[in-house]
1. Please enumerate, by chain and number, the lysines with C-alpha under 16 Å from the C-alpha of A:K398, excluding those fewer than 8 residues away in the same chain.
2. Just tell me the longest site-free run in chain A, where the sites are GluC sites (Glu not before Pro) in a DSSP loop having at most 16 other beta-carbon atoms within 10 Å.
3. Going toward the positive end of the dipole of segment B:140-217, with +1 on Lys and Arg Cβ and -1 on Asp and Glu Cβ, which of B:N181, B:N193, B:L213 do you reach last?
4. List every DSSP H helix in chain B whose Cα atoms extend 20 Å or more along the helix's own long axis and whose mean Kyte-Doolittle hydropathy is at least -1.0.
5. Need the list of aspartates and glutamates near A:K224 for cross-linking: C-alpha distance under 17 angstrom, and skip anything on the same chain fewer than eight residues off.
6. In whole Å, what are the extents of segment A:264-413 along the principal axes defined by its C-alpha atoms, from largest to smallest?
7. Could you check the spin-label model distance between A:T368 and A:D240? Points 7 Å from the Cα along Cα→Cβ, value in nm.
8. Which entries of A:K49/B:K10; B:K14/B:K90; A:K290/A:K369; A:K100/B:K25; A:K20/A:K100; B:K14/B:K202 have Cα-Cα distances beyond 19 Å here?
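Bear in mind that the values in this text are calculations on the coordinates, not laboratory data. Only a predicted model underlies this, so the values are computations on that prediction, with no experimental measurement involved. Using ideal geometry, Cβ is built from the backbone for each residue, glycine included, and neighbour counts are taken over all protein chains shown.
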Amino acid sequence: MNDVNETVPFGDFDREFTLKELLSAVKTDKLLSAIKMILGDDSCIKSDKGEVIIGKPLPEPLKCVPLRAEMEAIGFLVVNNSVDDNLLFSVRQLIEIILKSSIRYLMASDLHLETVQSDYALLRQKHQALVESEQRYKDLAASLEQRVSEQVKTIEQAQRQLYQAEKLASIGQLAAGVAHEINNPVGFIQSNLSTSKRYVADFTTFSEKLKNENNLDTLLQTWKELDLDYTIDDFQKLLDESIGGAERVTKIVNDLKEFSSADHSKEEIVDINDHIRSACNIAEIEINKKTVIKQGLGILPKIKCQSGQLAQVFLNILLNAEQVISDDGVISVNSFMQDGSIIVVIIDNGPGIPDEVLKKVFDPFYTTKEVGEGTGLGLTVSRDIIMNHNGNIEIDSKVGVGTTVQIILPVNT
Amino acid sequence: MSDYNSDNNKLTLKLVFYGPALSGKTTNLTRLHDLLDPELKGEMMVLETKNDRTLFFDLLPLGITAPSGLLIKLKLFTVPGQVAHDSTRKAVLSRADGVIFVADSQITQSINNVESFENLAENAARVGLDFENLPMVVQFNKRDLLNVQSEEEINQRWLSTPWKIVFSSALKGDGVIETFNGLLDVLYNRMDNEYQLFNHHKLSKEEFIKGVLGEVP
């Protein structure tokens with residue numbers, strides 16, 4: 001950067017002026033004729049170097065008087081020898097007055113010029129400095145934009161990573177719930193199988209007896225000793241229990257699969273009502289209650305959506321309702337068009353959700369169920385799915401009256 | 001910055017009266033014009049004033065001839081003291097061979113003195129003068145007024161500086177010659193170094209000072 005305080009060279013208004021310079025602004029004809037009128041004779045003015053500055057060289061003999069500026073002679077007034085000394089002195093005085101006035105004028109004007117030039121030079125330097133500083137700020141502004149966009153990218157990336165991490169964490173959470181849930185049935189299935197093995201051993205013993213013993217009483221005796229009546233009865237129960245356990249495991253695994261595949265199910269053009277119907281069917285089978293699901297499905301346009309995901313949402317909500325509703329409860333599912341959007345309303349007359357719970361129902365991992373019963377992700381995932389379809393999900397509930405879930409899905413063109 | 005012209009055997013020296021506005025620079029010059037009686041003394045040129053305040057500068061030319069025939073011409077300038085005329089101050093200070101800093105002794109003017117002195121140092125640097133080695137005398141003017149800083153206080157403050165301090169009342173003519181004498185003293189040393197005034201031109205310091213001052217009453 002240029003330092004505006006750097007040395008500024010000045011000209012010299014205070015230089016020694018030459019006679020020629022001092023007389024340059026004087027009209028020489030007028031001066032000569034004025035002098036001639038006073039002296040009655042021709043004259044000429046010479047510099048201190050002898051150069052004729054005004055008038056013409058005169059024939060000798062001559063009188064020569066010095067002309068002073070400031071203190072020293074800087075030239076001479078030359079006249080014919082016959083000119084009167086008093087008159088000559090007066091003329092010299094007059095010319096010196098002209099010279100002094102000239103010096104005043106030249107010094108003042110030169111000084112003025114110098115100061116103007118120096119002020120201008122300073123202004124230019126300041127202007128240059130300003131231009132440079134403006135350029136620096138422009139550069140800074142340009143790089144600022146770039147830096148901001150880089151920063152935004154970094155933040156976006158961090159957000160994605162965070163989202164991924166949360167997803168991993170939620171999967172981990174799910175896995176923990178699942179592990180606990182699977183552990184239970186697997187535990188009693190194992191125990192049942194061990195018992196079954198013993199029961200099979202009892203039957204093997206009896207079967208050996210059967211092959212070698214013809215006495216029915218003895219055989220019956222052995223049957224009783226082995227308590228095979230009980231064994232058959234219990235065996236049946238063990239198998240039923242184990243099948244139930246295995247089914248639970250299968251269901252859990254299926255839930256897990258649905259959850260993990262929720263992100264990449266295919267987009268299809270479907271009638272949402274079809275998926276509502278199948279979700280209702282599954283829900284009715286799933287929960288062995290006499291609950292009635294009333295369907296009031298309006299005519300809907302087909303929309304492009306990830307139908308598998310939406311089915312999961314409807315099922316989730318229906319199951320939530322089924323789980324809390326009493327045997328004579330009613331669930332109604334209605335669908336209709338409103339303001340260019342598909343509205344699906346699921347209403348139950350269950351116990352309702354208290355306000356403090358309602359506030360948290362969408363929070364990940366929030367659950368009111370026993371550990372292992374629910375993951376706390378059902379509504380969270382449901383909301384994510386609806387939002388992915390640019391829709392919205394709202395839950396309204398009143399304790400003792402029931403719960404209303406409203407899903408709004410825009411019809412995409 | 002002195003200007004030696006070998007053609008006409010002339011040495012021109014520029015001496016500048018610097019200082020805050022209304023400290024008495026022009027009064028100093030007027031008194032010198034009245035009091036000095038050198039071999040050559042020009043008319044005092046007063047340029048552009050407004051309400052007694054210098055707008056451009058004042059100029060008093062003086063001259064003496066050394067035994068060698070060397071004409072030593074002293075041009076005494078004043079600068080305008082007002083802050084606004086800084087460019088003019090710089091132009092006048094440019095190429096100065098010596099400076100008389102005329103300070104206003106009134107207590108109320110202390111800050112103006114300091115600012116003007118700092119301005120002198122800055123401008124000296126800007127026009128390429130070696131301020132540290134510039135022949136200079138500091139004059140505390142207006143001693144005849146009441147409410148002035150005490151001599152003790154001023155001496156105390158300027159004790160460590162290399163410059164001669166003179167107390168004056170330019171309006172009454174007191175201390176004006178002493179101030180100028182002080183500057184001629186240090187100026188001679190500098191010029192003697194540069195131009196061998198004593199050895200080549202046979203001009204001693206006493207003769208130089210006496211020549212410039214003349215028969216001081």
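1. The qualifying lysines are A:K359, A:K360.
2. In short, A:52-212.
3. Towards the positive end, the residue furthest out is B:N193.
4. For chain B, where a helix must reach 20 Å along its axis and average at least -1.0, the hits are B:110-126, B:176-195.
5. A:D202, A:E208, A:E213, A:D233, A:D234
6. Rounded to whole Å, the extents work out to 41, 30, 27 Å.
7. 3.2
8. Beyond 19 Å: A:K290/A:K369; A:K100/B:K25; B:K14/B:K202.
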